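**Student:** Structure below; questions to follow.
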Amino acid sequence: MITLYGVGLSLYVRKVRFALAHKELEFELKEVLPHNDDPIFIKNSPLGKVPVLTDGDFGISDSSVIVQYLDKKYPQNSLYPQCPEAFAKALWFEEYSDTKVTEIISGIFFQKVAKPMLMGEAADEEIVKEKEKEIPGIFDYLEKSLQGKNYLVADELTIADISLLSNLVNYFALGNEIDTGKWPLLAAYAERLTKLPQIKEILELEKEATAKA
């Protein structure tokens, strides 16, 4: 039995959920915060971060490591291209999303949503304003990367797409939309991804959990 430890607000937990759904793997989500006292979580997350995934007696942390493990153990519906160049590009976009895009988009989400909800503290509006200045540059790069493509890499859903979408979900949750006049390809791409059945299922589950919170 596969169990995923983490919270729906975490974009990295969302990334793993997207991967599990894409690979049509059944799993249980155990809602835990970072640095919790669950013994299985502590054993498998030395840094105290979510997500953690257990598969039988095996456990591992870090979203990128988890998805690569899943792809090796359950090769159906692979998220990694076979072509070396496409493989490298997929890893690059995953890294770009998990670092730069997370720093800006999910950094804003943390300030405006997660920080008040989890810590009872108001957003630092100066930090928000500084981060918002960088969004156009990120979107310009992604728009250029999507020219002539339906997906970021190899014209198929890869780790690049689920990593980026995990961040864009936070962007939309803030009430934002992607300007179709400035970034038409990116706007269409995001809409197309959110309509994929396996992605839509996870997003609906997230909404249900948020409504109950």
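**Student:** Rounded, prolate or oblate for region 69-132? Axes are the square roots of the Cα gyration tensor eigenvalues, ordered a ≥ b ≥ c, and the cut-off for rounded is a/c under 1.5. Spell out each step's value before the answer.
**Tutor:** Working: a/c = 6.07, a/b = 2.26, b/c = 2.69.
Judged from the Cα gyration tensor, region 69-132 comes out oblate (a/c at least 1.5, b/c at or above a/b).
**Student:** Before anything else, pin down the relative contact order of region 2-73: Cα pairs under 8 Å, at least 6 apart, normalised by residue count, whole percent.
**Tutor:** Details: 105 pairs, mean separation 25.7, N = 72.
Here the relative contact order equals 36 percent.
**Student:** When a/c is below 1.5 the answer is rounded, else prolate if a/b is larger than b/c, else oblate, so apply that to region 117-178 with a ≥ b ≥ c taken from the square roots of the Cα gyration tensor eigenvalues. Walk me through the numbers on the way to the answer.
**Tutor:** On the way: a/c = 3.25, a/b = 1.88, b/c = 1.73.
It comes out prolate by the Cα gyration axes.
**Student:** Taking the Cα centre of the chain as the origin and placing charges on Cβ (Lys, Arg +1; Asp, Glu -1), which of Ser166, Pro197, Ala114 is farthest toward the positive end of the dipole?
**Tutor:** In the chain, that residue is Pro197.
**Student:** Past 31 Å, Cα to Cα: identify those pairs from Lys112/Lys149; Lys73/Lys115; Lys23/Lys112; Lys30/Lys100; Lys73/Lys200; Lys72/Lys182, in the order given.
**Tutor:** Values: Lys112/Lys149 33 Å; Lys73/Lys115 36 Å; Lys23/Lys112 33 Å; Lys30/Lys100 28 Å; Lys73/Lys200 24 Å; Lys72/Lys182 39 Å.
Over 31 Å apart, Cα to Cα: Lys112/Lys149; Lys73/Lys115; Lys23/Lys112; Lys72/Lys182.
**Student:** 5 Å is the cut-off here: which amide hydrogens, built 1.01 Å from N in the peptide plane, fall below it relative to Leu29, excluding neighbours closer than 5 in sequence?
**Tutor:** Here Leu4 satisfy the definition.
**Student:** For region 2-73, just say rounded, prolate or oblate: build the C-alpha gyration tensor, square-root its eigenvalues into a ≥ b ≥ c, call rounded for a/c under 1.5, and beyond that prolate if a/b exceeds b/c, oblate if not. Intermediate results must be reported in sequence, preceding the final value.
**Tutor:** Values: a/c = 1.67, a/b = 1.36, b/c = 1.23.
Taking the square roots of the gyration eigenvalues as a ≥ b ≥ c, region 2-73 is prolate.
**Student:** How large is the dipole of the chain about the Cα centre if only Lys and Arg carry +1 and Asp and Glu carry -1, each at its Cβ, rounded to the nearest 20 debye? Mind showing how you got there, number by number?
**Tutor:** On the way: 24 positive and 34 negative charges, 34 e Å.
Roughly 160 debye for the chain.
**Student:** Mind checking which aspartates and glutamates have their Cα closer than 19 Å to the Cα of Lys195? Skip sequence neighbours fewer than 8 apart in that chain.
**Tutor:** Glu24, Asp155, Glu156, Asp161, Glu177, Asp179, Glu204, Glu206, Glu208
**Student:** Roughly how many debye, to the nearest 20, is the charge dipole of region 62-167 about its Cα centre, given +1 on each Lys and Arg Cβ, -1 on each Asp and Glu Cβ, and no other charges?
**Tutor:** Numbers: 11 positive and 19 negative charges, 46 e Å.
That gives a dipole near 220 debye.
**Student:** Let me ask something else about it. Using only Cα positions of the chain, each an equal point scatterer, no hydration layer, compute I(q)/I(0) via Debye at q = 0.11, 0.13, 0.16 Å⁻¹ and quote the log10 values to two decimals.
**Tutor:** -0.52, -0.74, -1.14
**Student:** On to the next question. Suppose every K and R has +1 on its Cβ and every D and E has -1 on its Cβ; what is the size of the dipole of region 12-110 about the Cα centre, in Debye to the nearest 20?
**Tutor:** On the way: 11 positive and 15 negative charges, 32 e Å.
Dipole of region 12-110, to the nearest 20 debye: 160 debye.
**Student:** In the chain, once you exclude exposed trypsin sites (Lys or Arg not before Pro) (DSSP loop, at most 11 other Cβ within 10 angstrom), what's the longest stretch remaining?
**Tutor:** Working: sites that count: Lys133, Lys195.
Longest gap between qualifying sites, sites excluded: 1-132.
Every number in this text was worked out from the coordinates using simple rules, so none of it is lab data. Source: prediction; values computed, not measured. Every residue, glycine as well, gets a Cβ built from its backbone with ideal geometry; the counts of neighbours run over all protein chains shown.
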